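Structure, as structure tokens:
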DNA sequence: CGTTACGTTGAAAGCTTTCAAGCATCGTGG
DNA sequence: CCACGATGCTTGAAAGCTTTCAACGTAACG
């Protein structure tokens, strides 16, 4: 397997004027549950600011700890971890609304890294305020656990995928899942969306080599099921893709946005 | 891939006299954090009883919901999920002290099943009391999240294993991990322990076929690294096994027992 | 116009699975 | 006590899926 050096994270974090949570456009999406006024107020005072982080920046890294927690507001990130010889596994992608850094809040050391796939905008709050959330807002505390359970679910499915699906099934599953997640965020543009990954990312997500990833994508393309050109992915035949993936929908109702 | 029918769960659950949490022998192990008296009292009143469930019983199953949550007190269980054609992936094993059913508490439907690998004894409490835990005992609520994050960590590592480790590395990793977990529970008998799995379980955990699982185990055996006879596994050369697995220790301090 | 990053392909090698049989152990029933 | 069926473990061989190796093509950039 090929070794890859970690990308230099030479970037400067830019502190920005923080918009209020009440006006956060994400909250208006139907996939997020409505917060009571005092919940909103509480969440607002957790927030210490927003940052913008450039493509390639490693926000959290394996083996280190972090005093900050984040909510992704814009852009894509990915969670991954590696073996000592450089083999890398992508664990999941983070999209707007996703909570980042729970593990760093619970344990001393991160055991995975989180890196930006695009320029991203993040909401920042200090890890030590998390405790006040538990002591003052049990509903939000429950929400944090809910989010952790939700992440667990996605990992379960990903594990089933890598362990038991064939290459083409995995690919179909991944593309369909990303499509759904993007759709829920209302980021679909006439059935396509911007996919800021290269084939190496896809390979490292699916546990495949890059060559086989390429050939598998080609098959889906030749079957007329997808089209992926210039960073935009289009699902041309959802039904067929879902059949290939043995995709089963999981309706989870609205989720919290913290 | 071979299809497997789900085992019949014809068993009868036996309601038992419930021992108090204060006297629970698990709590005396150093791997569990000490609870304050009022925490103990609170946990005690969550509990509605204990059940004993026979080998092969499906405690929770994919697609269904559950009103009860559990803590495993004795025995082994495993979490797994399957594709429609029967291919199965084992997600994780549950050992004494493990909390079972968080997903059923958070969502309407379970997306995985939990089944007994041995006869097991479980502590039972109703899902609807979980809310009182969040509203009255923020420390315990934090613990529940901690446990969820811990499960997430194990899944991350498992994903790395299946996605990027070779068959023999995966096998080494799994056996070493189980060894560590058993050791922490003080269930080691002169460097060996009872492993209530067959090779099919191991195959379904590692994403391998049963034949290849057999051959991989044989290699480790022939190298003199392990011995697995009559349900008891012995790690003969931990250092070598850790090297093969590229195992990296993760020290997490004591964990909560709920 | 050379460099770099990324995508594409064909061919060979290698790891895993599938197929087929044969063994061993264990509990049951004759 | 022994035959028999059910499980689970082993093996060899062939087939198949994936990876590795090697090149080549393309687009973006300075």
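The values are calculated or read from the model by the stated rules, or taken from the named source; none is laboratory data. Values in this document were obtained by computation on a predicted structure and should not be read as measured data. Cβ coordinates were reconstructed from backbone atoms using ideal geometry, including for glycine residues, and neighbour counts include every protein chain displayed.
Listed here are the helices (runs of 4 or more DSSP H) enclosed by the range A:144-241 that have at least 1 residues being more than 21 Å from the chain's Cα centre (by Cα) and surrounded by fewer than 19 Cβ atoms within 10 Å (Cβ to Cβ): A:167-184, A:210-222.
Can you pull out the residues in the range B:203-221 that are within 14 Å of another protein chain (Cβ to nearest Cβ) and within 11 Å of DNA strand C (Cβ to nearest atom)? Answer for the range B:203-221, where residues must be within 14 Å of another protein chain (Cβ to nearest Cβ) and within 11 Å of DNA strand C (Cβ to nearest atom): B:203, B:204, B:206, B:207, B:208, B:209, B:210, B:212, B:213. Across the range B:79-110, the number of residues qualifying as more than 20 Å from residue B:257 (Cβ to Cβ), under 12 Å from the mean Cα position of the chain (by Cα) and more than 7 Å from chain A (Cβ to nearest Cβ) comes to 2.
Applying the set (1) away from DNA strand D (no atom under 16 Å from the Cβ); (2) assigned to a helix (DSSP H, G or I); (3) in contact (Cβ under 8 Å) with a residue 24 or more places away in the chain; (4) within 19 Å of residue B:95 (Cα to Cα) to residue B:133 leaves exactly one unmet item: (4). Across the range A:154-165, a minimum of one residue is classified as touching a residue at least 12 places away in the same chain (Cβ under 8 Å) and within 12 Å of DNA strand C (Cβ to nearest atom). Only a single criterion out of (1) surrounded by 20 or more Cβ atoms within 10 Å (Cβ to Cβ); (2) touching a strand residue (DSSP E or B) at 6+ places or on another chain (Cβ under 8 Å); (3) assigned by TED's automatic domain parsing to the domain that holds residue B:89 is not satisfied by residue B:133, namely (2).
For residue A:247, the conditions (1) part of a loop (DSSP other than H, G, I, E, B); (2) more than 12 Å from every other protein chain (Cβ to nearest Cβ); (3) over 30 Å from residue B:128 (Cβ atoms) all hold with the exception of (2). Of the listed requirements (1) within 19 Å of residue B:145 (Cβ to Cβ); (2) outside any strand (DSSP E or B), residue A:114 misses just one: (2). Out of the range A:40-67, which residues are under 24 Å from residue A:181 (Cβ atoms) and either part of a strand (DSSP E or B) or within 14 Å of chain B (Cβ to nearest Cβ) (or both)? Within the range A:40-67, A:50, A:51, A:52, A:53, A:58, A:59, A:60 meet the criteria. Take the residues in the range B:202-221 that are more than 8 Å from DNA strand D (Cβ to nearest atom) and free of Cβ contacts under 8 Å to residues at least 40 places away in the same chain, then tell me which one is nearest to residue B:177 (Cα to Cα). Ranking the candidates gives B:202 first.
Can you give me the number of residues within the range B:90-130 that are closer than 23 Å to residue B:180 by Cα and touching a residue at least 40 places away in the same chain (Cβ under 8 Å)? Looking only at that region, the number is 18.
Being in contact with a strand residue (DSSP E or B) (Cβ under 8 Å, 6 or more places away or on another chain) and either in the same structural domain as residue B:56 (by TED's automatic domain parsing) or within 13 Å of DNA strand C (Cβ to nearest atom) (or both) is the requirement here; does residue B:231 meet it?
yes
Each residue in the range B:176-201 was checked for being within 14 Å of DNA strand D (Cβ to nearest atom) and within 14 Å of another protein chain (Cβ to nearest Cβ), and 2 pass.
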